[in-house]
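Below is one structure; the comments refer to it alone.
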Amino acid sequence: MKRFQKILAVFDSEKRDWTAIQLALGLAQESGGQLAVVHVIPPLPQDIPYDLTGMDDLKEALFRAAEADLEEVGRKLPDAGIEIGRRVLWGHTAMELSRMVLTEGHDLVMKGSGSRKHIPGQFLGSVDMRLLRKCPCPVWLVKPGAHKDVKRVLATIDPMGEDDSHAELNQSIIGLGLELAAMEGADLHVLHAWAPWGRSLLRSRIRSEEFSEYSRQVRARTAKAMREMLKPFDDLIPVVNRHLLEGDPEHVVPEFVREHDVDVVVMGSVGRTGVPGFLIGNTAETILRQVESSVLAVKPGGFVSPVELDRDS
């Protein structure tokens, strides 16, 4: 994945899972790019007993411990022939990482996924979701322990988009999926979930034959758009790996991931033009919260981060 030249990887001293950092190192080595490893210390809680120790002394101790953790990372990572930058930051993880991307021009953020308090049926934590909403560059949320044997990569697309930015996002998703699959020696699958507009409304108001014909026409039009979108990739993506499935994407995508043991999902987090940091509806967030795999989320062209550099958001 040579397009990523300046990678930012996040180290969590409590989880102590090195999967994301090890993968980031491999990417940086392959691309000849740069790697920075960051440890973010969260704000101190309001109810901490400051009478037991001075706040400045406590902050200094936390800072030194974080620096020691990053030094341990440097010692334990294999020699990849690249310089690894290390940085300790204070603040909220999503906000500080986004600020660093904005100020230093990183083109990929990699972070271990999941929250410390696992919620059944929810596989990304609140920090993950905030990072996806705010970060101006692609975000790779790496499932702990993953990527030791990647067999399947899934690229989720929408061939029915009407504007150029939508088409560019689809092309970026497919391209990244191909690069990742080639790097890992994995199979790439491409998926679009479709459903006829007004399905529940129309089914009860028109004859079943009319509704069936309407659905057939919608599927035929969607299939044609998908074929045209994937035509440049005919030599790279087998027909058997192209999936046009009926149903709502928030149900279809997670189910496909589970049934096909997908290791990484490449998908778009689509922003509304002129509205910084928002996803279209709840579909993307619903999918992201349910998938049990690593996720590489791609921003559309023109995405505006809600993070401001001169003050907190």
- line: Taking region 11-22 and keeping only residues that are hydrophobic (A, V, I, L, M, F, W, C) and either in contact with a Cys (Cβ under 9 Å, 6 or more places away or on another chain) or surrounded by fewer than 21 Cβ atoms within 10 Å (Cβ to Cβ) (or both), one is left with Trp18
- prompt: Across region 183-196, what is the total count of residues that are part of a helix (DSSP H, G or I) and within 10 Å of Val153 (Cα to Cα)?
  reply: 1
- request: Specify which of the listed residues (Leu108, Leu89) is at pLDDT 90 or above, closer than 20 Å to Phe4 by Cα and not assigned by TED's automatic domain parsing to the domain that holds Leu288.
  value: Leu108
query: So Arg219 fits all but one of (1) under 20 Å from Thr286 (Cβ atoms); (2) touching an Asp or Glu at 6+ places or on another chain (Cβ under 8 Å); what number is the exception?
result: (1)
query: Tell me, which residue of region 114-132 that is modelled with pLDDT of 85 or more and within 11 Å of the chain's Cα centre (by Cα) is surrounded by the fewest Cβ atoms within 10 Å (Cβ to Cβ)?
result: Met129
statement: By residue number, the members of region 13-38 that are in contact with a helix residue (DSSP H, G or I) (Cβ under 9 Å, 6 or more places away or on another chain) and touching a residue at least 24 places away in the same chain (Cβ under 8 Å) are Ser13, Trp18, Ile21, Gly26, Leu27, Glu30, Gly33, Gln34, Leu35, Ala36, Val37, Val38
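Of all the strands (runs of 3 or more DSSP E) wholly in region 197-304, which have at least 1 residues that are at pLDDT below 95 and of a type in the set (Val, Ile, Thr)?
Ranges flagged: 264-268, 294-298.
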message: I'd like to check something: does region 57-69 contain any residue that is basic (Lys, Arg), closer than 25 Å to Glu308 by Cβ and either exposed (fewer than 13 other Cβ atoms within 10 Å of the Cβ) or at pLDDT below 90 (or both)?
response: yes
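The values are calculated or read from the model by the stated rules, or taken from the named source; none is laboratory data. Please read all numbers here as calculations on a predicted model, not as lab measurements. With ideal geometry, Cβ positions are generated from the backbone for all residues, glycine too; neighbour counts draw on all protein chains shown.
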